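Asker: First, the structure itself, so that you have it in front of you.
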Amino acid sequence: MPNKEKEKVEAEKQEEKQEDGTSLVEELEAQLKKANEEVEKWKNAYYRAYADMKNLRNSLEEEQTQLRKYRGMGFVEELLPVLDSFHVVLSNEPTDPNLKNYLMGFKFIYQNMLRALESEGVTEIAPQVGDKFDEATMNAVDSVEEEPINVIKKVSANGYKLHDRLIRPAQVTVSVAKAKEAEEVPEAEIKEDKNDSKVDA
C-alpha cells in the first residue's frame, strides 16, 4: 500500500510538470510578478493623473482669484476721462467766490469717487511739482531744459493702479539737461587731410 501511495505522489508531481519544463509554482510566481508590475504601473498612472488634476485645480483657482482681483480694470479705464476732468477743474483756482463754492462741491464728489475706488483696490498716483521723476509710475509727455534734471515741472494727468497692476502712469512734464550747442569751427581751423584734400565744413 505504501508503494501505491508513493507512486500516486510521483504521478501528481509529473502532472505538475509543464511541457516547457517549468513547474506550476514557477508559472504562478511569474504571473504574480507580472500582476505586481501591472499594479505598480497603474498606481503610478493614478498618482500622475491625481497630481495633474490637483495642478489644474490650483491653476484654475489662481486664475479665478486673479479675475476677481482685477475685475474692475476695464471699469476704471472707462472712468479715466471723468477723473482727468476733475483733476483739470480742481487744479485751477477760481477768483470768483461763486465758482469757489462749486469747486468745493466738485472736490467733495471727486474725493468720494476716489474713496469708492480705493475700496476696490484702486490707488491714485498723484505726483507734485518738484517731485523726482519715477519712470515706474510716470510718463514724461513733455520736457523742459532746466536744472536740476529729472524733476517734475507740471502734472498733466494723475496715474492709477489697481492693486499692484498699473492702469495708467501719471502724465508729467519733466526737466532735462540743456542740450550742448554745436560749436562752429572757423574756416581757418579746417585742416587738410593726409591726401591734401580739403575737409568739407
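Asker: Given R₀ = 41 Å, FRET efficiency for E118-S143 by Cβ-Cβ distance, to 0.05? Mind showing how you got there, number by number?
Answerer: Details: r = 32 Å, r/R0 = 0.77.
So, using R0 = 41 Å, E works out to roughly 0.85.
Asker: I would also like to ask the following. Restricted to Cα positions, what overall size does the stretch 108-188 have along the principal axes? Three whole-Å values, descending.
Answerer: 72, 25, 15
Asker: Take the residue pairs K69/K153; K153/K180; K69/K100 and return only those whose Cα atoms are more than 31 Å apart. Before the final figure, lay out the partial values.
Answerer: Details: K69/K153 35 Å; K153/K180 21 Å; K69/K100 38 Å.
From the list (K69/K153; K153/K180; K69/K100), the Cα-Cα distance tops 31 Å for K69/K153; K69/K100.
Asker: Also, quick follow-up: Counting Lys +1, Arg +1, Asp -1, Glu -1, what net charge surrounds L114 among other residues with beta carbon under 12 Å of its beta carbon? Walk me through the numbers before you get to the answer.
Answerer: Numbers: positive: K107, R115; negative: E118, E120, E124.
Local charge sum for L114: -1.
Asker: For the pairs K107/K132; K54/K161; K154/K178, note any where the Cα-Cα span goes beyond 28 Å.
Answerer: Details: K107/K132 26 Å; K54/K161 33 Å; K154/K178 18 Å.
Result: K54/K161 exceed 28 Å.
Asker: Direction-averaged shadow area of the convex hull around the Cα atoms of the stretch 60-123, nm²?
Answerer: Average projection, Cα convex hull of the stretch 60-123: 4.7 nm².
Asker: Quick one: Kirkwood hydrodynamic radius for the stretch 18-102, alpha-carbon pairs, angstrom, one decimal?
Answerer: Kirkwood radius, the stretch 18-102: 20.5 Å.
Asker: Taking 35 Å as R0, compute the FRET efficiency from the Cβ-Cβ separation of N58 and A126 and round it to 0.05. Could the numbers behind the result be given before it?
Answerer: Details: r = 38 Å, r/R0 = 1.08.
With a Förster radius of 35 Å, E is 0.40.
Only the coordinates and a few stated rules stand behind these numbers; no lab work does. Bear in mind the structure is a predicted one, so any value in this text is a computation, not a measurement. Ideal geometry is used to build each Cβ from the backbone, glycine not excepted, and the neighbour counts take in all protein chains shown.
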